[in-house]
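The values are calculated or read from the model by the stated rules, or taken from the named source; none is laboratory data. What you see is a predicted model; the values in this text were computed from it and never measured. Here the Cβ is made from the backbone with ideal geometry for all residues, glycine too, and neighbour counts use every protein chain on show.
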Amino acid sequence: MAGGLIFMGVIASFLGVAEAMVVHGAVQSISNSYRAYLLRDNIRWDVFGKIALGSLPAVIAMMLIAYIPSKGVLFCALGLLPILLWLPKELIHLDVQKRGHAYFCGFLATGLNLVAGAAGPALDMFFVKTDMLRHEIVATKAITMFSSHVMKILFFGIPLIRSVGLTTLPPLWFFIAFVPFAMLGTFMGTCVLKRMSDVGFRKYTRWIVSFIGIIYVLRGLSLLGLFP
């Protein structure tokens, strides 16, 4: 559940923001598409269809703004995402199974994915409080994030290639070599998922991404010169 968040932070430390977005999108597309395939019988296509429609306004808005964050802003945005998981249920109760909520989920998740490079915690906010089973949550999230990452590749990749070509991206062998590792990690994660309970799944998701978020916020403040 936190793999995309961790990976984005790692590659953003070594690459430019636009390059990191493209690499992250490519690798996460592989892992998420494979995860969706492994759990294909659990995908809630009715929910995904509404999320996809809701994502279109976010893509159009980001194309008009054409904003690329600095690394400091990127890390702060990544680190603050887990806060969404701790909002009191009495204050805000989002359920992706509801039509209006699903549209908003697509808009918010796609927007965050194009700004912060990851949107897992935002998706969790819509999923973890539903009565969906953990396999349905992970499968529907996987196909949703696959689509979102493809949009991210196009959004950042086309301008990047037009300006500097492929020179600033990792070589082709990097992406080829990553395929089996991404598939292996996804398969192992699915095995762990089968051993967890629905309650434990929701509980550990919040704590894991929150710990990662604290590290990212400190990193972002440091890059912005606001933290030693």
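Summary table below
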| item | result |
| --- | --- |
| Filtered residue count, the range 40-50, keeping only those that are of a type outside the set (Phe, Trp, Tyr) and either over 21 Å from Met125 (Cα atoms) or surrounded by fewer than 17 Cβ atoms within 10 Å (Cβ to Cβ) (or both) | 4 |
| Boolean, Leu39 is among the hydrophobic types (A, V, I, L, M, F, W, C), in contact (Cβ under 8 Å) with a residue 12 or more places away in the chain, touching a His at 6+ places or on another chain (Cβ under 9 Å) and farther than 24 Å from Gly100 by Cβ | yes |
| The range 1-37: number of residues that are of a type outside the set (Gly, Ala, Ser), surrounded by 19 or more Cβ atoms within 10 Å (Cβ to Cβ) and part of a helix (DSSP H, G or I) | 14 |
| Test result for Leu218, at pLDDT 75 or above, among the hydrophobic types (A, V, I, L, M, F, W, C) and touching a Lys or Arg at 6+ places or on another chain (Cβ under 6 Å) | no |
| Test result for Val138, within 15 Å of the chain's Cα centre (by Cα) and closer than 21 Å to Ser33 by Cβ | yes |
| Options Leu193, Leu169, Leu226; residue that is surrounded by 15 or more Cβ atoms within 10 Å (Cβ to Cβ) and closer than 27 Å to Ser13 by Cβ | Leu169 |
| Residue among Leu53, Leu108, Leu91 that is farther than 19 Å from Pro159 by Cβ, surrounded by fewer than 22 Cβ atoms within 10 Å (Cβ to Cβ) and out of contact with any helix residue (DSSP H, G or I) (no Cβ under 9 Å at 6 or more places or on another chain) | Leu91 |
| Residue under evaluation Val73, criteria (1) buried (at least 18 other Cβ atoms within 10 Å of the Cβ); (2) closer than 27 Å to Leu154 by Cβ, criterion not met | (1) |
| Test for Leu87: is it at pLDDT below 80 and of a type in the set (A, V, I, L, M) | yes |
